[in-house]
Amino acid sequence: MSRLKMTINGAAVDVEVPESRYLSEVLREDLRLTGTKIGCNEAECGICTVLVNGTPVVSCVFPAFKAQGATVETIENLSQDGSLHALQQAFLDHGAVQCGICTPGLIMTAKGLLDRKSAAGEPVTEDDIRASLKDSYCRCTGYQSVINAILQASGQDVPPYLPETQEPGLAVGKAQPNPNALAKITGSARFTDDYKFPGMLYARTKRAGVPHARIRSIETSAARKLEGVHAVLTHEDIPGRNAHGVVSIDWPVLCGVKVRYVGDAVAIVAADSEEIAAAALELIQVDYEELPAVTDAIEAVKPDAPLVHEERPDGNLLKHIKVKKGDIDSGFADADVIIDQTYRTPTTEHLFLEPECSIGVPAGYVPTDFGGRCDALAVRGETAKHDKTTIYVGSQIPYGDRDQTAATLGKDPEEVRVVATLMGGGFGGKEDIVGQIHSALLAETTQRPVKMLYSRQESLLVHPKRHATIIRIRTGAARGGKLTAVEATLYGDGGAYASLSEKVLTRATTHATGPYDVPNVKVDCFALYTNNVPCGAFRGFGVTQSCFAVESNMDMLAEKLGLDAVEFRRMNALDVGSETSTGQVMRESVGLNECIDKVDHDMRSDDFRWTWDEGHRRFAWGVAVGYKNTGLGGGAPDKATAEVEAWQDPDKGLMAEVRISSAEMGQGLPAVLAACAAEELGIPTERVSVLLGDTDFCPDGGPTTASRQSYVSGNAARLAAKEVARQLAIAEPAARIKVQHEYWAPKTKPLGAGGDMHVAFGFCAQAALCEIDMRSGEVTVQKIVAAHDVGRALNPLTLEGQIEGGIVMCIGYTLTEHYIQEDGVPWTNVMARYKAPSITHAPKIVSHIVEHNTAAGPFGAKGVGELPSIPTSSAITNAIYRATGVRVRSLPVDQDELLRAIRSGATEVELAWGDVKPIPVINFGGEQ
Amino acid sequence: MTANPTSRWSSYHKPETVEEALELLHDYDGSARVIGGGTDILVEARRGLRRSIDAMVDATGIAGLDTISHDQDYIVIGCGVTHTQIVSDERIVRYGACLAESCGVIGGPQVRNTGTLAGNVAHALPAGDGTIGLLALGGEVEIASTTGTRWMPAKDTFVGPGKSVIDRHREVLTRLRFKPAGTQEGSAFHRVMRPQGLCLPIISMAARLAVDGDTITAASIGMGPVGPVPWFAEPVATVLVGGTTSTEQYEKAAEVALDNVTLRSSKYRATSEYRATMIRTYLPIILARAAERAGANQ
Ligand SMILES: Cc1cc2nc3c(=O)[nH]c(=O)nc-3n(C[C@H](O)[C@H](O)[C@H](O)COP(=O)(O)OP(=O)(O)OC[C@H]3O[C@@H](n4cnc5c(N)ncnc54)[C@H](O)[C@@H]3O)c2cc1C
Ligand code: FES
Ligand code: FES
């Protein structure tokens, strides 16, 4: 221990800390300034940025004692005397805050820039911002709002970018910042890792480290004896069910017999510190009999493939999903032109910037037992008494977590409580159980709160990813341009456990015609178990994959038919009256043609050319369209219950609170729910507060997935509020009224039954202007023109944030991202090996909103969370084709391969960065 | 597999003089490590790759070594100087453009605000960007040890990937220097990256030329990764000197470069073929740019 003196946020600080500390640790742990966030501890993400002597540095690799005597400034210093710093205000105004985990880092980096520029008397330009924030990542916003906010904060007159939308009501349709944004810009917002309970222990997990093996023995005695270790648990210590899963319960909580992927959990440890827990892991000996691994979906179907789950009747086949409509043979007989191509899409990683963290608190926990303070009125947090086993976690499915944890603990669901903390991004990657059950098990064993925080590296290894797919697709059209048939076969690598594979790949299958009226369809999809990292939900939910194949084929067909790419799509676009591949007749709310028109009009203004050269740089436009279901659909009961309570405040008038266990990942759900309730109550949104995701206080909103929350929970909140309003009208003036409403989305039909498989669909069209450096093959996206039919824009500000963020995420999918595994072992084991788009990849985005109201949606709204992340990839590769004559069949685009093709005159590339072998040849209907 | 939080040092020293630093290193007898900005070594430490360090000896607090100076013959850069300082130093931009350009592409601003050129050179990676820029300028480094202080050409410090003649447990790279571009001299740098995966260059190249009319009178070139150590491309310089500032001459230089190296395909980074194409494409471009700058520097 040594003395460390610094001036932090204007105050002299003098602390005794070990010399091995990093600055981020002194700030967060010793000084409890938790506004500074941690995303990687690798100097990659930038969210830990603080100013040291006025200069932005990443505090996670900055030795604390390097800052001896220095002046340090953190986010906590920015708002003075209750008024916000210009940057904070601008981030709020522009909706540049979504999940908020990156916000302190972005703001501090930007402050470094603004301070430097104003000292030099220079104006701040967009280029300055892009250069300064190059290594300050945000996974949510897409950066456009961030750039505009910083320009505004520098004193320029830059209004928030808001597309034109329908006339707003009292609350609905108004651009409003998310209610939790204020806490996020000041650094006071608390994510799970920002909690520190008195007496808390730290947990770590022993991972398999091998992709496939039988466990001979697990030896934990040495680890148990290590000083500071409180518990070491294995499968033998599980009181209840040793398995979990969001769809099928096939994933061991702690493996006892076999491990099926490198990230499988074998033992868990709780100790006084993370260091001790880590040391204990090294003392655990697991004796494995290694088994041959199957790490490729197409290998996995073969009869002699190693079996991932021996007990399953279908071998490694998790599911064969089929879509059939019309007569495929006659459809192709009617076609004059046919395109038959095979595509490959990569495994990708959500890279939410907040790694997973859960804190388990044992039933009967009283903070005073550990020297803490107890506040009789507190219902949650460090000063509250906890009657039940409680888990603090940023989760997409709070009730699901509760029930699954209860099953493993051998308890009744009512004996477990989940408190949903703020989530630093989810994107589908926080639907499965990761540390929730483990932290609860350790908490109950040790009778202490236990924090299970994953490092970035562990997060990369453990949670389910986006499915890698191989898609063969044959599209036929008649000479005039009408589509006659689509046949497709998809292979999806589901990894070691079921997770959401069945659902995700069903969506890939049902959307495999694109949003077109196709009379004859046959699609087969094979979801396979392998010994790779499991795959599950990821924004776009399978449709991102199939859209790449569909829209690539569509462009090739248009070319062969000699038709304009946009016109060809228009001719076949779904409209009211047309029928989807699953036999659903569209009765309303199909804004696809309007989306196409808007994008086409914009793209073709100002002396339009599809492609042109500027020196060695070639520019080209590409277009693509997409659609995505709203809600679970497929016959799954889809419901949400909301509680709305209203009361009269003597000063402010009628006030209300909406309570529902739905997840806010930064997408702006609280703002939407508040608006829905406010509109019905006839009061401004500011007077409605929203409490999300405490299973003891909030009824179940269902999973936050499938772009369903605005629709389902929005309706629940709206209808509960409507009933409150009705009762208020006849109640006494001072009455306090509380209503719960259980909302059921319209019934849907299962796949294969025809009829309405989904309650609604969102539609979109996007055009990408790309630049290809013909010397190096480097591709950049200059501009995206987009139009999205969202039914109704409930909150244009948060909606635009979803659109911009979704588009940039899909640019990453196309150009930068690939989670690579080598024989079941991730090569992508550090963040430095996985590049999400940075601000330097963010294009200018021009966004149009189309509002074809859907009758049963809240005020006409449909879902939007996933839609923008669907067509961007093919818009980009279609532009690349136009520029170079090279068709990209594998993502992400590889400049090395692309340049080779350009120079050799080849017309396609089938290897993407990280691929080692060509795309295999697959047969329609599966391998026999 | 996951980061090992136990990979830490016990003591952190921030000496104010070179003598003090050397004494500390001497006392630790090999178990201490010199640290600059820490942007290389701490990322390794965070990943649990560095277990045997008892103490860090921070070289950035040494008085007088945190600045850039211009004496009669040299521009001298102290070991505490960050990439940000280099990029924004007008003398370096003017008299050593390729160094400013090469330090300017390193990491992001936060990394450049702490990372040092000394650390980049001492780290001895085959394609440290600042290193490549310094090589083309014919840069030299000063190494201080208990037995004395010596200047040596930067190019002679590299032994293998990550291996340097500088004993980073006992010696301090105290200063770096290069001769500023005179009249009719200019330099340029270019790097090719890919947007995926590892933040390591596909190819990084820097050139410095002196011209007289349209004749090249002197040349020096730095390049990497083309082998285990950054390459001071003497054969390329030789073919350029005496030639004209013409595309043909530059293309010939690129061919000579290719004749003298065995390019490797590195997994997930680049094929050797792509590397070769990038050398053929960009070496002529930076040579032309350096010549143009030389012309402007009359
Ligand atoms: C996100 C990120 C991106 C990066 N991008 C790039 C890039 O694009 N290009 C690039 O070239 N590098 C890059 N780097 C690597 C690194 O930032 C640079 O190499 C930097 O110049 C290292 O300097 P430093 O002062 O931080 O070195 P340190 O990490 O402090 O030290 C590096 C090595 O040099 C030794 N050393 C340091 N100073 C001295 C001295 N004075 N005397 C003797 N030995 C010494 C250390 O012992 C250590 O072995 C990146 C790093 C990160 C984290
Ligand atoms: S850069 Fe420090 S936490 Fe990511
Ligand atoms: S708001 Fe930036 S990462 Fe979520």
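The values are calculated or read from the model by the stated rules, or taken from the named source; none is laboratory data. Note that the coordinates shown come from a computational prediction; the quantities given were computed from them, not determined experimentally. Quick reminder, even Gly has a Cβ in these numbers, built from the backbone with ideal geometry, and neighbours come from all protein chains shown. Only protein heavy atoms, including side chains, enter the accessible area calculation; ligands, DNA and RNA are left aside. Shrake-Rupley method; radii C 1.70, N 1.55, O 1.52, S 1.80 Å.
Checking the structure you have, find out if any residue of the range A:356-363 is open to solvent by 10 Å² or more (accessible area, probe 1.4 Å) and over 30 Å from A:GLY666 (Cβ atoms). Within the range A:356-363, one or more residues are open to solvent by 10 Å² or more (accessible area, probe 1.4 Å) and over 30 Å from A:GLY666 (Cβ atoms). In the range A:187-214, which residues are open to solvent by less than 20 Å² (accessible area, probe 1.4 Å), assigned to a strand (DSSP E or B) and away from chain B (no Cβ under 14 Å)? A:PHE191, A:LEU201, A:ALA213, listed by residue number.
One residue is enough: does the range B:51-60 have a residue meeting the conditions within 30 Å of A:ASP264 (Cβ to Cβ), open to solvent by 40 Å² or more (accessible area, probe 1.4 Å) and either more than 8 Å from chain A (Cβ to nearest Cβ) or under 25 Å from the mean Cα position of the chain (by Cα) (or both)? There is at least one residue in the range B:51-60 that is within 30 Å of A:ASP264 (Cβ to Cβ), open to solvent by 40 Å² or more (accessible area, probe 1.4 Å) and either more than 8 Å from chain A (Cβ to nearest Cβ) or under 25 Å from the mean Cα position of the chain (by Cα) (or both). The set of residues in the range A:53-70 that are farther than 16 Å from B:GLY108 by Cα and either more than 8 Å from chain B (Cβ to nearest Cβ) or aliphatic (A, V, I, L, M) (or both) comprises A:ASN53, A:GLY54, A:ALA64, A:ALA67, A:GLY69, A:ALA70. Within the range A:564-592, residues that are outside the structural domain of A:MET554 (by TED's automatic domain parsing) have Cβ atoms under 9 Å from residues that are polar (S, T, N, Q) in no pair, counting only partners at least 6 apart in sequence or on another chain.
Taking into account only those residues within the range B:116-158 that are within 13 Å of ligand 1 (Cβ to nearest atom) and among the β-branched types (Val, Ile, Thr), which is farthest from the chain's Cα centre (by Cα)? This residue is B:THR149. Here B:THR131, B:THR114, B:THR82, B:THR67 are screened, and the one residue that is within 14 Å of chain A (Cβ to nearest Cβ) and more than 16 Å from ligand 2 (Cβ to nearest atom) is B:THR82. The residues of the range A:98-107 include none that are assigned to a loop (DSSP other than H, G, I, E, B) and either more than 6 Å from ligand 3 (Cβ to nearest atom) or outside the structural domain of A:THR34 (by TED's automatic domain parsing) (or both).
Hey, any hits in the range B:201-215 for a residue that's within 14 Å of another protein chain (Cβ to nearest Cβ) and surrounded by fewer than 19 Cβ atoms within 10 Å (Cβ to Cβ)? No, that holds for no residue. Applying the condition of being open to solvent by less than 10 Å² (accessible area, probe 1.4 Å) and charged (D, E, K, R) to the range A:756-803 and asking which residue is farthest from A:VAL850 (Cα to Cα) yields A:GLU800.
Among the residues of the range A:881-928 satisfying the criterion of being of a type in the set (D, E, K, R), within 30 Å of the chain's Cα centre (by Cα) and more than 11 Å from chain B (Cβ to nearest Cβ), which is surrounded by the fewest Cβ atoms within 10 Å (Cβ to Cβ)? Filtering first and then ranking leaves A:LYS917.
Among the helices (runs of 4 or more DSSP H) contained in the range A:274-348, which hold 1 or more residues that are within 14 Å of chain B (Cβ to nearest Cβ) and of a type in the set (D, E, K, R)? Quick ask: steps written out before the conclusion?
Values: elements: A:274-283, A:297-300, A:328-333.
Result: A:274-283.
Looking only at the range A:312-333, decide whether some residue is surrounded by 14 or more Cβ atoms within 10 Å (Cβ to Cβ), of a type in the set (Phe, Trp, Tyr) and within 24 Å of A:THR234 (Cα to Cα). No, the range A:312-333 contains no residue that is surrounded by 14 or more Cβ atoms within 10 Å (Cβ to Cβ), of a type in the set (Phe, Trp, Tyr) and within 24 Å of A:THR234 (Cα to Cα).
Listed by position, the strands (runs of 3 or more DSSP E) contained in the range B:1-85 that have at least 1 residues being under 24 Å from B:GLY107 (Cα atoms) are B:32-35, B:55-58, B:68-70, B:75-78. The residue of the range B:278-297 that is farthest from B:LEU137 (Cα to Cα), among those that are within 11 Å of another protein chain (Cβ to nearest Cβ) and open to solvent by less than 10 Å² (accessible area, probe 1.4 Å), is B:MET278. Taken over the range B:108-138, the residue count meeting the criterion of being out of contact with any Gly (no Cβ under 6 Å at 6 or more places or on another chain), among the small types (Gly, Ala, Ser) and open to solvent by 20 Å² or more (accessible area, probe 1.4 Å) is 1. For the range A:120-128, state whether one or more residues are within 14 Å of another protein chain (Cβ to nearest Cβ), within 21 Å of A:ALA836 (Cα to Cα) and either in a helix (DSSP H, G or I) or open to solvent by less than 10 Å² (accessible area, probe 1.4 Å) (or both). Yes. Among the residues making up the range A:151-168, those that are farther than 13 Å from A:ASP93 by Cβ and either acidic (Asp, Glu) or buried (at least 16 other Cβ atoms within 10 Å of the Cβ) (or both) are A:SER154, A:PRO163, A:GLU164, A:THR165, A:GLU167, A:PRO168. Within the range A:546-591, the set of residues being more than 26 Å from A:TRP610 (Cβ to Cβ), within 28 Å of the chain's Cα centre (by Cα) and of a type outside the set (Gly, Ala, Ser) comprises A:THR580, A:THR582, A:VAL590. Entry remark, the range A:399-414: residues being touching a Leu at 6+ places or on another chain (Cβ under 8 Å) and open to solvent by 10 Å² or more (accessible area, probe 1.4 Å) number 1 in total. Taking every residue in the range A:446-461 that is within 9 Å of chain B (Cβ to nearest Cβ) and within 28 Å of A:TYR819 (Cα to Cα) and pairing it with any residue that is crowded, with 23+ Cβ neighbours inside 10 Å and charged (D, E, K, R), at least 6 positions away or on another chain, the pairs with Cβ-Cβ distances below 6 Å are A:TYR454/A:GLU356.
So for the range B:29-36 (the condition being within 14 Å of chain A (Cβ to nearest Cβ) and out of contact with any Asp or Glu (no Cβ under 9 Å at 6 or more places or on another chain)), does at least one residue qualify? No: zero hits.
Among the residues of the range A:861-880, is there at least one that is surrounded by fewer than 24 Cβ atoms within 10 Å (Cβ to Cβ) and not in a strand (DSSP E or B)?
Looking through the range A:861-880, none of the residues is surrounded by fewer than 24 Cβ atoms within 10 Å (Cβ to Cβ) and not in a strand (DSSP E or B).
The requirement of being touching an Asp or Glu at 6+ places or on another chain (Cβ under 7 Å), open to solvent by less than 30 Å² (accessible area, probe 1.4 Å) and not polar (S, T, N, Q) is fulfilled somewhere in the range A:366-378, by at least one residue.
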